[in-house]
1. Under 15 Å between C-alpha atoms is the cut-off here; go through chain B and count lysine pairs that meet it, provided they're at least eight residues apart or on different chains.
2. Using a 1.4 Å probe on the protein heavy atoms only, what accessible surface does B:Asp17 show? Give it in Å² to the nearest 10.
3. What is the gain in length, in nm to one decimal, between A:His100 and A:Ala148 on full extension, counting 0.36 nm per residue of separation less the C-alpha to C-alpha distance?
4. Could you give me D for the protein assembly as shown, from Stokes-Einstein at 37 °C and 0.692 mPa s, where the hydrodynamic radius is the Kirkwood radius over C-alpha pairs? Units µm² s⁻¹, please.
5. Within a Cβ distance under 13 Å of B:Val119, other residues only, what is the Lys/Arg minus Asp/Glu net charge?
6. For the range A:9-124, what does the alpha-carbon gyration tensor say about shape, rounded, prolate or oblate, given a ≥ b ≥ c as the root eigenvalues, a/c under 1.5 as rounded, and a/b over b/c as prolate?
7. What does the charge count around B:Val172 come to, taking other residues whose C-beta lies under 13 Å from its C-beta (Lys +1, Arg +1, Asp -1, Glu -1)?
8. Write down the Kirkwood hydrodynamic radius of chain A, to one decimal in angstroms, obtained as one divided by the mean of 1/r over all alpha carbon pairs.
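The values are calculated or read from the model by the stated rules, or taken from the named source; none is laboratory data. Remember, it's a predicted structure, so these values are computed and weren't measured experimentally. Backbone-built Cβ (ideal geometry, glycine too); neighbour counts: all protein chains shown. The accessibility values were calculated without ligands, DNA or RNA, using every heavy atom of the protein model including side chains. Shrake-Rupley method; radii C 1.70, N 1.55, O 1.52, S 1.80 Å.
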Amino acid sequence: MRIINWAHGAMVMLSMYITFFAYSMFRFDPLISLPLVAVIMFVIGYLLQMVLVERTLNSPWISRLCATFGLMMLLESLALLAWSSNWRAIPVIYGTWTFHIGDIFISFSRFVAFSIAILMALALHLFLNHTEIGKAIKATAQDREAAALMGINVNNIYRITFGLGLAATGVAGASLMTFYYVFPKVGFPFALTAYIVCVLGGLGRLNGAVLGGLIIGIAQSISAYLISPEYKMAVSFVIFLAVLYFKPSGIFGGVTE
Amino acid sequence: MILLLLPTFTKNPYILDISITVLLYAFLGNAWNIVGGYCGQASLGHAAYYGIGAYISTILLLKFGISPWIGMMVGAILAGILAIILGYPSLRMKGPYFVFFTIGFAETIRALFLTWKWVEGSRGIIIPFQNNPANFIFFSKIPYYYVVFIFLIIGMLITHSISRSKIGKYSVAIREDETMAEALGINTALYKSYAFAISASLMAIGGTFYAQYVLYIHPNDLMSLNNSVIFMLIAVAGGKGTLFGPIIGSAIIMPLWEYFRSTFGGRFAGLGIVFAGSIILIIGTTAPQGIMGILNKIYKKI
């Protein structure tokens, strides 16, 4: 959709806090509150697009960048004011469960999060290619004016897309809460890695995102092991820079980008 | 003119400090504006050049005893060369790809300086204080004020002359329609590289000023992504692609930031950022041309 949502990290943070409070107030396990969080985030995304991002659709994309950055600052510092900077985690029963295949030990909650992510990507792929709304989203992304002429309610499609993006974020946030802790600035490193992964693979391409994720994930783990953990982020950036140097539109990006 | 006389009215170091911050960020926003405003390339990697300028002059001073006045020029030239080397591939990219390439570049440089033992890594470098104008260290804040004021004037003159020259006209043509500019025979990558190099050099000069003013440099203070974003915000809030935009943006954002930080410290420490965030949000959504855009509209009505 060609909108860089700088506030994506803050959205991860928000959905993690929702999961946390669902646990601390109602004793909901993160995996149970996951659909709930996804729905709440969808609504937030829909409203956000309606009141905020929509206004910037016709202005240069730099102002969109600024608007979402302002939103991120706002949300992060509000979270800091409301919930303090303490790190909070949910003690889940299966937090320490592991199983092993051969010599490889796998943490149960990480495995669950991994499976959810794969399922989510598949579901999204099916949704975009095989439903009416999904096709409308793809059409709008390709050409806004033409889509509008074909009778697609473009604004509504934008809202739904934004909502879906945040619903996916909500799923990610909720499954992260099974093995990670939450604090107001938790989201940004995740979001930065996510941006790199997407741009590396080529924006708007699901296979690109999967491949980009694999490359960055493996590179980070190997470099943390072989060189030093502090170079982890730098190594992934160097790979990113090197790829973009030779292919400015990402691995799967088209020529017409 | 009023700005020029400010130190004669007030000796209050707090007000002077805020004024210096405003002028420094106006200078930096102006440097960003050359690439971001006139060329339309939103770089979020400018903090890297800022940091490189600070580090080069400081290392030349501490390890080789070279005055920062000279180190500043060395830093500016090296940052300019680096911008051309890196600029060439990055300027072929468009939109989001370009933004993330510049972020990646700045973050790589920051990680490098954080772990590089020769430049003290994550401990940062403290510049020992000696009151010596030849070494760009002054006892009072007033000389700093005039130095940054002169820097700002020079920076604005450079921007002004660029915008009137061939480079400036070509830059605007590139911003408005890159394909068209290319079709008309403009070597877009070359002119974008020029703009990038000048902008990076100015950034490095700002970095040296910061180092000599604060006398402590650390990769996270100088090269963090937040800094790059602040440069962009100042230019965009004031009005990108305008000469006075960055000054207005800096004059509005920086004092508010400082005021909230000093007034609501402690429990409400985040309030300043809440406020700055809302300003940016409002300007981003309602006034894409920034405050200069609003002023222009009012002016036209009159």
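1. Details: B:Lys11/B:Lys141; B:Lys63/B:Lys117; B:Lys94/B:Lys192; B:Lys166/B:Lys192; B:Lys169/B:Lys192.
Lysine pairs meeting the criterion: 5.
2. 40 Å²
3. Details: separation 48, 0.36 × 48 = 17.28 nm, distance 5.24 nm.
Answer, rounded to one decimal: 12.0 nm.
4. On the way: Rh = 25.0 Å.
Diffusion coefficient, whole number: 132 µm²/s.
5. On the way: positive: B:Lys63, B:Arg110, B:Lys117, B:Arg123; negative: B:Glu120.
Around B:Val119, the surrounding residues sum to +3.
6. Cα axes put the range A:9-124 in the prolate bin.
7. On the way: positive: B:Arg164, B:Lys166, B:Lys169, B:Arg175, B:Lys192, B:Lys240; negative: B:Glu176, B:Asp177, B:Glu178.
Taking every Cβ under 13 Å from that of B:Val172, the sum is +3.
8. Numbers: mean 1/r = 0.0511 Å⁻¹.
About 19.6 Å for chain A.
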